[in-house]
Amino acid sequence: FDKLKEGLTKTRQGFVEKVSGVLTFNKSIDEDLFEELEETLIQADVGVNTSLKLVGALRARVKERKLKEASQLKDVLKEEIGRILNGDNQTLQMEKGKINVIMVVGVNGAGKTTTIGKLAYRLKKEHLKVLIAAGDTFRAAAIDQLVVWGERVGVEVIRHQEGSDPGAVAFDACKAVSSRREDVLIVDTAGRLQNKTNLMEELRKVGKIIRRELPDANLEVLLVLDATTGQNAISQARIFGEVVDVTGICLTKLDGTAKGGVIIGIKDELKIPVKLIGIGEGLEDLKDFAAEDFVNALFM
Ligand code: GDP
């Protein structure tokens, strides 16, 4: 929890402290206050719709509870944010006795490689046998980086040459994981959004190969989003969601940004569970997303 709290320092400063500045002790609750709060939430990357919704809920609570003074609203806001974040709390679950495939998608730079390294480390610590497929064959650096992570955590990386067919890498990895009876296959994918049509075709194909080769596998499609990009993360999620059935989100770089409020908009607008959060570059800096801890760390 302390690590989470530390990771959220910037968001706490950029979000909660600003909100607290609006909701000060001697202010009365009036239209101006609601407007100021709405603006502050939007600026904190909560997203327009979600900010409006939150302020709407606050208005209702003020009426219900006959609140008179701005500082009373802070707890109510915490409660309402908790309600949104709690929604459908889900973590990344590996099924025992089955092959689990985690297909990792997201734009370049979002933190896919790092997340794969951290995930492999964590699953290995849970005594699962893990294999990684270097499916971003477009960038030689991506393959090399993944191999470095693999060596660091002691997990084999299935790789082909730069420029080869990512579908073929996925195919080989599926064969390997089933013949060796391993527990988890983590598949990296390309993320060059500049060439959207090709990329989407490629992701679709990789997904199809996994489902065909491992029809009984428990398939997770994990979308990695960079919290520092704020509202852009939400539009990226929409683009990827059109091509693959995203089953969970990993929101990275929460430690490096004041834009952590974006997680509220993501939960509210996308209806895809945020399962993991990245709060640093180290092996241990990948956490299950737990709404209650998150809100408590934020409002500390
Ligand atoms: P990819 O292109 O999506 O594979 O992105 P990378 O995994 O290479 O990550 C891009 C950069 O973000 C690297 O410098 C990572 O160290 C950094 N990064 C990834 N996740 C986190 C995180 O949770 N916190 C911080 N501070 N940096 C991160």
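The values are calculated or read from the model by the stated rules, or taken from the named source; none is laboratory data. A quick note: this is a predicted structure, and the numbers were derived from the prediction, not measured. Glycine also receives a Cβ, built like all others from the backbone with ideal geometry; neighbour counts cover every protein chain displayed. Just the protein is used for accessible areas: all its heavy atoms, side chains included, with ligands, DNA and RNA removed. Shrake-Rupley method; radii C 1.70, N 1.55, O 1.52, S 1.80 Å.
Points worth noting:
- Here is the list for the range 1-70: trypsin sites (Lys or Arg not before Pro) lying in DSSP coil, each with at most 11 other C-beta atoms within 10 angstrom of its C-beta, are 66, 68.
- Remark on residue 156: its backbone amide H falls under 5 Å from those of 132, a criterion applied only to residues 5 or more positions apart or on other chains, H modelled at 1.01 Å from N.
- More than 31 angstrom apart: percent of Cα pairs within the chain: 33 percent
- Cα-projected label distance for residue 39 with residue 64, points at 7 Å along beta-carbon direction, nm: 2.8 nm
- When only alpha carbons are used to place a centre, the range 1-41 and the range 106-160 end up 38 Å from one another.
- Percent carbon-and-sulfur accessible area, the range 153-300, ignoring ligands, DNA and RNA, probe 1.4 Å: 44 percent
- Where labels lie 7 Å past Cα in the beta-carbon direction, separation of residue 178 and residue 1 in nm: 4.6 nm
- The DSSP beta bridges internal to the chain are antiparallel in roughly 15% of cases.
- For the range 150-196, the solvent-accessible area with a 1.4 angstrom probe is 49 square angstrom per residue.
- Sequence-ordered 3J(HN,Hα) estimates for the range 148-157 from the Karplus curve with 6.51, -1.76 and 1.60 and θ = phi - 60° stand at 4, 4, x, 5, 4, 9, x, 10, 6, 10 Hz, glycine and proline given as x.
- Based on the reciprocal of the average 1/r between different C-alpha atoms, the Kirkwood radius for the range 133-267 equals 16.0 Å.
- Whole-angstrom Cα spans of the range 81-146 along principal axes, big to small: 43, 32, 17
- Helix-derived mean residue ellipticity, 222 nm - over the chain, DSSP H n ≥ 4, -39500 (n - 2.57), to 500: -15000 deg cm²/dmol
- Solvent-free Debye scattering, log10 I(q)/I(0), computed from the Cα coordinates of the range 1-130 at q = 0.13, 0.19, 0.20 Å⁻¹: -0.73, -1.10, -1.18
- Here the range 1-92 has 48 percent of its accessible surface on carbon and sulfur atoms, given a 1.4 Å probe and all protein chains in place.
- Segment residue 49-residue 281, length gained on full extension (0.36 nm per residue, minus Cα span): 80.4 nm
- Low-density loop cleavage sites - trypsin sites (Lys or Arg not before Pro) in the range 201-300, where at most 10 other Cβ are within 10 Å (DSSP): 271
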